[in-house]
């Protein structure tokens, strides 16, 4: 079966869902990673937790939706990635579970609060780092059998210099978003806000350096199989990433913390679509020497009937999720006191 219009649409829709997760859950993961460095007193830690308390669980819906859409639209890609990256995925889920539990118990269990604070940090760090490593593997390629199964060493075989670099890039982008969110939500001129602004500037500069480094590594050494028809789109998304981060750094010297957060979010979304246009039409790339071929839209997409039904469900479900987000973010807008 060749590529169909619905298959192409769902390829980019899944990346749109991933972008939604990267932007929304990215900042609260970043808050968790920065938690021990930005918030020093119990009061500051409580403020940091309160800044994401009403929104973090709704933000994770985008990850679940992206996984479900991948399963329904491109089942072979879902099977290969979720089985090949099984240990990494379990660590991510473990981190998300620990983070959710620690958020609740850090508030109620005063006696063990130091333990729950540490769990909140670890539970945020694991997903933020491992997701970037997984993305690096999907782009660079993994060894696959003729049946499309992962043929490498579990977990350890997924860590290479390139995938580690992409993992660090993802971690830095999450942390920069977290610092931008804290700067926008904390009381003006508070100690935690000043620390968040300092971390934000450093992390955004580091993010630009890493974007350039990952791009140079990918083009010079990894050399992914990219569709030449999308070269202009790739240049556009790369430019948006860099320009948005530079604009955020420039605005960071003023009190415009929310515009800085929005620019950081724009850079994160553009980075996801830079990945999408770099991979198209591949979903999982087979590395050199693999017995099996790469998993693409053409050999992995479900039938048009299934994709059409999914489109109808999406047109109903996604607007409802967006309405929920608009309500919840408007309800809890503004700075904390």
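The values are calculated or read from the model by the stated rules, or taken from the named source; none is laboratory data. Note that the structure is a prediction, hence the values are computed from the model and not measured. A quick note on method: Cβ atoms are made from the backbone with ideal geometry, for glycine too, and the neighbour counts reach across all protein chains shown.
Listed values, structure above:
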| quantity | calculated |
| --- | --- |
| Inter-residue pairs, beta-carbon under 7 Å, first on the phi < 0 side of the Ramachandran plot and without any contact (Cβ under 8 Å) to a residue 60 or more places away in the chain and in region 230-255, second outside any helix (DSSP H, G or I) and surrounded by 15 or more Cβ atoms within 10 Å (Cβ to Cβ), 6+ apart | 230/280 |
| Matching residues in region 17-55 - criterion: being closer than 17 Å to residue 114 by Cβ and assigned to a helix (DSSP H, G or I) | 32, 35, 36, 37, 38, 42, 43, 44, 45, 46, 48, 49 |
| Hits in region 264-290 (condition: touching a residue at least 60 places away in the same chain (Cβ under 8 Å) and in contact with a strand residue (DSSP E or B) (Cβ under 7 Å, 6 or more places away or on another chain)) | 281, 283, 284, 286, 287, 290 |
| Residue that is farthest from the chain's Cα centre (by Cα), among those in region 300-310 that are in a helix (DSSP H, G or I) and surrounded by fewer than 15 Cβ atoms within 10 Å (Cβ to Cβ) | 305 |
| Residue check, residue 288 assigned to a helix (DSSP H, G or I) and either under 30 Å from residue 73 (Cα atoms) or over 17 Å from the mean Cα position of the chain (by Cα) (or both) | no |
| Residue satisfying all of: in region 155-164; assigned to a helix (DSSP H, G or I) and either at pLDDT 95 or above or more than 17 Å from the chain's Cα centre (by Cα) (or both); surrounded by the most Cβ atoms within 10 Å (Cβ to Cβ) among these | 158 |
| Candidates 92, 133, filtered to the one that is closer than 21 Å to residue 279 by Cα, in contact with a helix residue (DSSP H, G or I) (Cβ under 6 Å, 6 or more places away or on another chain) and without any contact (Cβ under 8 Å) to a residue 60 or more places away in the chain | 133 |
| Filter result for residue 218 (surrounded by fewer than 22 Cβ atoms within 10 Å (Cβ to Cβ), touching a residue at least 24 places away in the same chain (Cβ under 8 Å) and either in a helix (DSSP H, G or I) or at positive phi (or both)) | yes |
| Region 68-105, subset under 17 Å from the mean Cα position of the chain (by Cα) and closer than 14 Å to residue 135 by Cβ, residue modelled with the highest pLDDT | 70 |
